[in-house]
Amino acid sequence: MKFTDEINSYIEKLNCTAKELSEASGLSAAVISRYRTGEREPGSDSEQLQKLAYGIEKIAVIKGISNIAADEVFSVLKASLNEKNDDYKCFVSNFDALIAALDINMKSLAQAANFDVSYLYRVRSGQRKPNDLDYFRNSFCNYVATHHNSFADKEKAAKIIGCTVEEIPDNDTYIIKLQKWLYHNSSDDISDCMGDFLKKLDEFNLDEYIRAIHFDELKVPSMPFRLPTSKTYYGIEEMRKGELDFFKSTVLSKSQEPIFMCSDMPMDDMAEDMDFNRKWMFAIAMSLKKGLHLNIIHHIDRPFHEMMLGLESWIPIYMTGQISPYHLPNISTNIYHHFNYVSGSVALTGECINGYHKNGKYYLTNNKEEVAYYKQKAADLLSKAQPLMEIFNASSENLFKEFLASNFKEIGSFRNILSAPPIYTISAELLARILERSSLSQDEKNKIINYAKQQKALTGELLQNNPVLDEITMLSPEEFNLYPVHLSLSGAFIEADIPYTYDEYLTHIELTKKFAEDHTNYKIVTSSVHAFRNIQIHILEGKYVMISKEKTPVIHFVIRHPKMVNALEHFIAPVIED
């Protein structure tokens with residue numbers, strides 16, 4: 001049997017879930033998902049394969065199932081691997097992961113290593129295998145060690161290849177570590193982080209969040225906060241207090257000016273204090289309750305997991321529509337870290353040296369002249385920044401329509417990961433039948449009918465010059481009963497749940513297959529992998545990714561930053577198990 005069949009066979013014998021196997025083996029749920037679906041295989045002598053074998057034995061012991069020993073499982077799994085392609089699959093995966101982690105410029109790599117850019121892209125996607133793989137690998141490692149040898153880049157590389165910065169003190173050692181890792185290890189960190197981010201976005205419910213923090217009950221206090229003209233905070237504990245004092249002073253002031261936030265300070269040690277996290281989120285909620293707009297320059301030149309950790313924490317705030325997120329292009333942290341917050345009445349600034357966050361300091365001031373200086377500094381920083389993403393909600397529906405109109409004029413390859421069949425393949429008759437039993441007003445029904453017609457017309461035009469691939473989940477009757485599928489209406493900004501019956505769901509999938517037969521540039525892939533229930537992912541390869549949340553609230557994020565676009569393009573959806 002194939003490796004994927006062997007894994008699924010053991011899961012069936014053990015009567016366990018992928019989640020249980022993940023916990024027993026110490027491998028991530030996303031990795032187990034990829035093994036189960038055949039998207040990925042571990043190395044034949046890898047640590048991952050050993051962990052998997054011991055995890056299977058551990059579950060067998062817990063459940064009292066005999067004759068399942070780790071060494072035997074390891075032999076069975078190893079024999080099932082496609083050993084001919086094993087090492088190269090690992091190489092392609094790691095080559096792609098390192099390019100994404102270090103944000104390597106493909107044109108610069110091509111020039112330095114004397115390769116064609118398009119050839120590099122084909123190698124990266126696994127479409128092309130170099131004739132001399134050793135030469136290709138060595139050229140790539142030499143380039144990385146020469147052009148990405150700053151402390152910040154070495155720190156990122158060290159995390160992804162599984163060593164410390166101290167273990168790569170010189171270029172020769174750096175190259176050797178990279179060469180060994182490219183062949184003999186695999187990394188799913190980037191896809192795991194992206195999967196966690198998308199999962200939180202898929203599950204997030206703004207109404208529940210508002211109830212949980214009692215947002216509707218919050219009262220913005222008017223009692224003046226007696227802050228001295230200036231105050232200095234030393235070390236992590238005091239810096240946490242400094243951030244809270246900044247928001248307290250901002251909320252209690254009379255100013256309605258927007259808040260500006262920009263920081264490349266380390267995040268992990270600040271996030272360790274859960275009490276601080278709760279107070280910080282409460283401070284943000286109070287700022288939003290006051291009606292303040294937040295202009296945020298996200299520092300995304302961080303290790304990928306840290307970047308996504310920061311973005312995850314902002315999900316609730318993004319949903320409010322009171323956020324404008326930016327990033328600064330071509331910035332490298334290297335030695336210094338900086339912190340800049342400013343509102344209408346107070347400013348908080350800070351600094352530390354890379355690796356010595358605990359020795360950093362913050363400075364808080366409400367001195368008018370100093371606040372004016374920091375406001376100007378914020379304006380200057382924003383002038384250098386680029387939008388990290390465009391955010392469209394119900395209040396910006398017309399702007400979203402303009403974006404869609406321009407989107408259908410783009411040239412390129414389109415790919416969509418869908419939680420429901422696409423609205424542009426439904427027939428008028430089926431749509432009318434589904435809407436007939438809904439409780440929507442006639443105006444709302446007409447809006448949906450017109451939206452479906454517009455999408456069908458625009459998609460037809462798009463397909464004249466561009467390939468479109470839709471990935472659609474094919475649910476069993478049992479899965480459908482547990483998690484009914486609803487019409488996908490986020491593009492029309494309609495949040496009502498309009499469910500299919502199972503027969504209607506199957507009919508719409510058949511209509512989608514017929515649509516593919518009638519349009520040569522349109523293809524669909526059906527899968528039993530049900531990764532998300534409330535989001536759709538729309539990708540224009542190499543240009544942008546749009547994540548559309550179906551409800552609570554309907555919102556669309558258009559992401560253009562290359563590192564995030566690349567991670568989303570190569571994202572492999574995990575299997576959901578409950």
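The values are calculated or read from the model by the stated rules, or taken from the named source; none is laboratory data. These numbers were taken from a predicted model, which means no experiment stands behind them. Glycine also receives a Cβ, built like all others from the backbone with ideal geometry; neighbour counts cover every protein chain displayed.
Miscellaneous remarks
- Yes/no for Gly64 being at positive phi, under 31 Å from the mean Cα position of the chain (by Cα), surrounded by fewer than 21 Cβ atoms within 10 Å (Cβ to Cβ) and not aromatic (Phe, Trp, Tyr): no
- Test for Gly38: is it within 20 Å of Trp181 (Cβ to Cβ), touching a helix residue (DSSP H, G or I) at 6+ places or on another chain (Cβ under 9 Å) and free of Cβ contacts under 8 Å to residues at least 60 places away in the same chain: no
- Residues (over 26 Å from the mean Cα position of the chain (by Cα), outside any loop (DSSP other than H, G, I, E, B) and not hydrophobic (A, V, I, L, M, F, W, C)) located in the stretch 460-478: Gly460, Glu461, Pro477, Glu478
- Residue ID - modelled with the highest pLDDT, chosen from residues in the stretch 47-71 that are over 14 Å from Leu14 (Cβ atoms) and out of contact with any Pro (no Cβ under 8 Å at 6 or more places or on another chain): Asp71
Per-residue answers, yes or no, for (1) surrounded by fewer than 20 Cβ atoms within 10 Å (Cβ to Cβ); (2) of a type in the set (A, V, I, L, M, F, W, C); (3) not assigned by TED's automatic domain parsing to the domain that holds Cys262:
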position: Lys377; (1), (2), (3): yes, no, no
position: Asp380; (1), (2), (3): yes, no, no
position: Glu410; (1), (2), (3): yes, no, yes
position: Ser413; (1), (2), (3): yes, no, yes
position: Thr425; (1), (2), (3): no, no, yes
position: Ala428; (1), (2), (3): yes, yes, yes
position: Leu431; (1), (2), (3): no, yes, yes
position: Glu436; (1), (2), (3): yes, no, yes
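- Selected residue (criterion: surrounded by the fewest Cβ atoms within 10 Å (Cβ to Cβ)) from residues of the stretch 344-365 that are of a type in the set (Val, Ile, Thr) and without any contact (Cβ under 8 Å) to a residue 60 or more places away in the chain: Ile353
- For the stretch 429-444, the set of residues classified as over 23 Å from Thr526 (Cα atoms) and either touching a residue at least 12 places away in the same chain (Cβ under 8 Å) or part of a loop (DSSP other than H, G, I, E, B) (or both) consists of Ala432, Arg433, Leu435, Arg437, Ser438, Ser439, Leu440, Ser441, Glu444, listed by residue number.
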